[in-house]
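Here is the structure we will look at, set down as structure tokens.
The values are calculated or read from the model by the stated rules, or taken from the named source; none is laboratory data. Quick caveat: nothing in here was measured; it's all calculated off a predicted structure. Neighbour counts run over all protein chains shown; Cβ positions are idealised from the backbone, glycine included. Accessible surface areas use protein heavy atoms only, side chains included; no ligands, DNA or RNA. Shrake-Rupley method; radii C 1.70, N 1.55, O 1.52, S 1.80 Å.
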Amino acid sequence: MSTLHEFPAAAQLTVKSAEDMRELGRRLAALLRPGDLVLLSGELGAGKTTLTRGLGEGLGVRGAVTSPTFVIARVHPPLGDGPALVHVDAYRLSGGLDEMEDLDLDVSLPESVIVVEWGDGKVEELSEDRLRVVIERAVGADAPAEGDADDVRSVTVTGLGARWAGVDLSPLGR
């Protein structure tokens, strides 16, 4: 018998510049609602914070979205009726959800969109419903022959859980 977790919603795209990564964030924001958890994975410099800047623009939140590496988490309140954006960088945390309890993410989740950079293996217990975004440098056939090869990324967006079942992620690839 199959479950929703066996057939997650997914999209695979190629992003060619930092501005395109921000635009992907803006398009992704249109799919998000309060209570959504987004996990971002990728090496240093992959574009996780750039994507989150686009999310902040798309959600219409206050404050410049910058990397929260040294403060661990930043809350960006909404400018209008939308949800707040809670931007977390779990890079320096090794203890998983136990170490992150002081951030009260479980309290913020119902009314906010929570984005966690480096969250794999650390915050999945917050919600069975989550969006996982993996950003990798493009290689092989996806890599450009010349030019701005350093900016090209392969991005995989996967929706997990009942929240994302049946959600069409194809608009992300426009």
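Here are some notes:
- Among SER170, SER154, SER17, the sequence by solvent-accessible area, most first, with a 1.4 Å probe is SER170, SER17, SER154.
- Per-residue extension of 0.36 nm, minus the Cα-Cα distance of GLN12 and ALA30, leaves a gain of 4.7 nm for this segment.
- In Hz, Karplus ³J(HN,Hα) per residue of the range 158-169 (6.51, -1.76, 1.60; θ = phi - 60°; x = Gly, Pro): 10, x, 10, x, 4, 4, 9, 4, x, 7, 7, 8
- When the surface is traced with a 1.4 Å probe over the full set of protein chains, GLU23 keeps roughly 70 Å² accessible.
- Over all other residues within a Cβ to Cβ distance under 15 Å of LEU55, the charged ones net out to +3, with Lys and Arg as +1 and Asp and Glu as -1.
- If you sort the three axes of the alpha carbon gyration tensor as a ≥ b ≥ c, you get a/c of 1.5 or more for the range 26-91 and a/b above b/c, which makes it prolate.
- Rounded to the nearest 10 Å², the accessible area of THR156 at probe 1.4 Å: 40
- Order of exposure, largest accessible area first, which applies to ASP150, ASP20, ASP89 with probe 1.4 Å: ASP150, ASP20, ASP89
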